[in-house]
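Quick notes on the structure that follows.
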Amino acid sequence: VQLQASGGGLVQAGGSLRLSCAASGSILSFMIMGWYRQAPGKQRDLVAHFTSGGSINYADSAKGRFTISRDNANNTVYLQMDKLEPEDTAVYYCHAVTLLLRHLWGQGTQVTVSS
């Protein structure tokens, strides 16, 4: 299964973007699916993800501004990002963990927020 991320771009502070992650197979087979991000010179950090138990986890920096959602029929997970800040500038990666505990990564999509 492959993950294809899209939707990044350049936006002004306070603006919004929606990222999409399309899987080549059923996302119902994933134990975890969501988004990480990596800013220049920093480690890759969790933004938000779904777990197979139905819970959603958000990074503190994403709470109240970002919303993760899923479309099981189209095997796609979305990340709606509102009230974007320059600190949100990063490459955003789609991530999933399979039932066999294999980690899958999408190719990354650049998000740049100008002040």
Residue-normalised value, i.e. accessible area per residue, for the chain at 1.4 Å probe, in Å², stands at 52
For the chain, which whole percent of the accessible surface, found with a 1.4 angstrom probe, sits on carbon and sulfur atoms? 50
Comparing 54, 64, 34 in a Gaussian network model of the chain (Cα, 10 Å), the one with the largest mean-square fluctuation is 54
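At most 14 other Cβ atoms within 10 Å plus a DSSP loop assignment makes a site exposed; report the longest stretch of the chain without any exposed trypsin sites (Lys or Arg not before Pro). Please list the in-between numbers first.
Numbers: sites that count: 42, 63, 83, 102.
Counting only loop sites that pass the neighbour cut-off, the longest clear stretch is 1-41.
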Sorted by accessible area (1.4 Å probe), largest first, how do 103, 95 line up? 103, 95
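So if I place +1 on the C-beta of Lys and Arg and -1 on the C-beta of Asp and Glu, and nothing else carries charge, what would the dipole magnitude of the chain be about its Cα centre? I want it in debye, nearest 20. Don't jump to the answer; show the numbers that get you there.
Details: 9 positive and 7 negative charges, 32 e Å.
Dipole size: approximately 160 debye.
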Output ³J(HN,Hα) for the range 66-81: one whole-Hz value per residue in order, computed from phi by the Karplus curve 6.51 cos²θ - 1.76 cosθ + 1.60 with θ = phi - 60°, and x for Gly and Pro. 10, 9, 9, 8, 9, 10, 5, 5, 9, 6, 10, 10, 10, 10, 8, 10
GNM of the chain, Cα pairs under 10 angstrom: of 97, 77, 47, the biggest fluctuation goes to 97
If I build a Gaussian network model for the chain, linking alpha-carbon pairs within less than 10 angstrom, which residue out of 41, 53, 14 has the largest mean-square fluctuation? 41
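The values are calculated or read from the model by the stated rules, or taken from the named source; none is laboratory data. Quick caveat: nothing in here was measured; it's all calculated off a predicted structure. Counting neighbours? That spans all protein chains shown, and the Cβs are built from the backbone with ideal geometry, glycine included. All accessible areas refer to the heavy atoms of the entire protein, side chains included, with ligands and DNA or RNA removed. Shrake-Rupley method; radii C 1.70, N 1.55, O 1.52, S 1.80 Å.
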